[in-house]
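I have placed the structure first, in the form of C-alpha cells, so that the comments after it can refer back to it.
The values are calculated or read from the model by the stated rules, or taken from the named source; none is laboratory data. Keep in mind that this is a model prediction, so the values were computed, not measured. Cβ placement follows ideal geometry from the backbone for every residue including glycine, while neighbour counts extend to all protein chains displayed.
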Amino acid sequence: MILVTGATGTVGRALVGRLPAGVPVRVLAREPARVTGAPAAAEIVRADYGDPRSLARALDGVGSAFLVTSRVGDDDERFVRAALAAGVRHVVKLSAAAVTDRRADDAITRWQRTTEDLLRGSGMDWTLLRPRAFMSNALSWARSVRSDGVVRALYGGSINACVDPRDVAEVAARVLTEEGHTGRAYTLTGPRAISAVEQTAQLAELLGRPLRFEELGPQQARTALAARYPQELAEAILAGAERQCAGAKAGVDVTVPALLGRPAGTFRGWAEAHLSAFSSP
C-alpha cells in the first residue's frame, strides 16, 4: 500500500494519477472532497498531521509513503513518528533544492534540512526529492495577466532552473514503485534556467497578445508577500529571491532526464498546458 499526502497540492495531485494501475493507493487529505484525479480504486481518508489517531488510521498497512508538508513546524516530526510506529518501510519526502546551498539560512530551508535529518535518523528507508522552484509558480501572475496584460515580479532578469511539477510527480511515482532509490537525494530541475522576463515573453507569444513586465522593488515585493504569508515565510521568500539574483538557482541537474528517460519539461510546454489560466474569459 502506498500512501500519498499532499494530494490536493501541486505535486501530490499530479502524483495520484501517475501511479501504476493495480498498485494499492491510499490518499490522506484534510478535506477529502478536494481530492481530484485519484484512481477509482484509491482509498481516500480524512486525516490531519495534528491528530495522532487519524494519522495512525491512515498509515495502517502502508508500506511506502509520499510526504508533503506545507506548514513550517512539527508536522513532519508527527508524521515520521506515526509512520515508524505503523511499520512503514519507505518514506519519500518532498524537500527543496535550497538545502544544499550553504548560503541559504531562511526559515523554509532550515525546516527542510531538519526534516531531512529526521528522516535519515528514523530507521526507515528514505528518498529525498529536492525540486527547484515549480514552473506553476507563474500562476500567481494569472490574474494580472488576464486583467492588465502585466507580469509583476522581483528581479525579473535573474534566472531559475525551475521544474515542471508534473516531472516531479513522475519521478515520485518511479521512486515509490521501483527498487534502487532508497538512501538517495535527487535534485530536480528543468532543462535550463529562465528569467521572469523571458517567461513573460513566452506567455505573450503563446497568448498571441502583448504582455508587459513590471519590475517590483524589494519593498514592494515585501508588502505584496506580507499580504499573503506570515512574516517569517515572506522574509524567507525574499531571501530566496536575493540568492537567485546572485545566481544560486541557475544550475541545471540531469536527474530528471536520467530517471525518466526523456528531456525535462520546458516552461513553454508547461505554459501551453495551462494557458487557459492566463486567458481572458
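Worth a mention:
- Take the conditions (1) among the hydrophobic types (A, V, I, L, M, F, W, C); (2) outside any helix (DSSP H, G or I); (3) over 18 Å from Leu176 (Cβ atoms); Val62 misses just one of them, which is (3).
- Condition met for Val23 (aliphatic (A, V, I, L, M), assigned to a strand (DSSP E or B) and in contact (Cβ under 8 Å) with a residue 12 or more places away in the chain): no
- Matching entry among Val88, Val92, Val68, Val72 (being in contact (Cβ under 8 Å) with a residue 12 or more places away in the chain, over 19 Å from Val171 (Cα atoms), of a type in the set (A, V, I, L, M) and surrounded by 22 or more Cβ atoms within 10 Å (Cβ to Cβ)): Val88
- Any hit, the range 250-257, residues being closer than 22 Å to Ser140 by Cβ and assigned to a helix (DSSP H, G or I): no
- Check on Ala172, on the phi < 0 side of the Ramachandran plot, buried (at least 16 other Cβ atoms within 10 Å of the Cβ), touching a strand residue (DSSP E or B) at 6+ places or on another chain (Cβ under 7 Å) and part of a helix (DSSP H, G or I): yes
- Selection status of Thr187, among the hydroxyl-bearing types (Ser, Thr, Tyr), touching a residue at least 12 places away in the same chain (Cβ under 8 Å), surrounded by 17 or more Cβ atoms within 10 Å (Cβ to Cβ) and not in a helix (DSSP H, G or I): yes
- Test: residue in the range 159-167 that is at pLDDT 95 or above, in contact with a Leu (Cβ under 9 Å, 6 or more places away or on another chain) and not in a helix (DSSP H, G or I): yes
- Taken over the range 99-118, the criterion of being without any contact (Cβ under 8 Å) to a residue 40 or more places away in the chain and either aliphatic (A, V, I, L, M) or closer than 13 Å to Lys249 by Cβ (or both) is satisfied by Val99 alone.
- Note on the range 199-212: residues that are under 20 Å from Ala133 (Cα atoms) and buried (at least 17 other Cβ atoms within 10 Å of the Cβ) total 4.
- Tally of residues being among the charged types (D, E, K, R) and in a loop (DSSP other than H, G, I, E, B) across the range 204-249: 3
- Residue within the range 94-117 that is within 24 Å of Ala33 (Cα to Cα) and not in a loop (DSSP other than H, G, I, E, B) present: yes
- The lone exception for Pro32 - which of (1) on the phi > 0 side of the Ramachandran plot; (2) without any contact (Cβ under 8 Å) to a residue 24 or more places away in the chain; (3) not aromatic (Phe, Trp, Tyr) it fails: (1)
- Among the residues making up the range 233-272, those that are more than 22 Å from Leu129 (Cα to Cα), touching a helix residue (DSSP H, G or I) at 6+ places or on another chain (Cβ under 9 Å), in contact (Cβ under 8 Å) with a residue 40 or more places away in the chain and of a type in the set (A, V, I, L, M, F, W, C) are Leu238, Ala271.
- Qualifying residue in the range 131-139 (condition: under 30 Å from Thr177 (Cβ atoms), outside any helix (DSSP H, G or I), at pLDDT 95 or above and in contact with a Pro (Cβ under 7 Å, 6 or more places away or on another chain)): yes
- Considered as a group, the residues in the range 24-65 that are surrounded by fewer than 17 Cβ atoms within 10 Å (Cβ to Cβ), of a type in the set (A, V, I, L, M, F, W, C) and at pLDDT below 90 include one that is farthest from Arg81 (Cα to Cα), and that residue is Ala40.
- Per-region count, the range 61-82, residues more than 14 Å from Thr5 (Cα to Cα) and among the charged types (D, E, K, R): 3
- Checking Ala264, Ala234, Ala224, Ala248 one by one, the residue that is buried (at least 16 other Cβ atoms within 10 Å of the Cβ) and in contact with a Leu (Cβ under 6 Å, 6 or more places away or on another chain) is Ala234 and no other.
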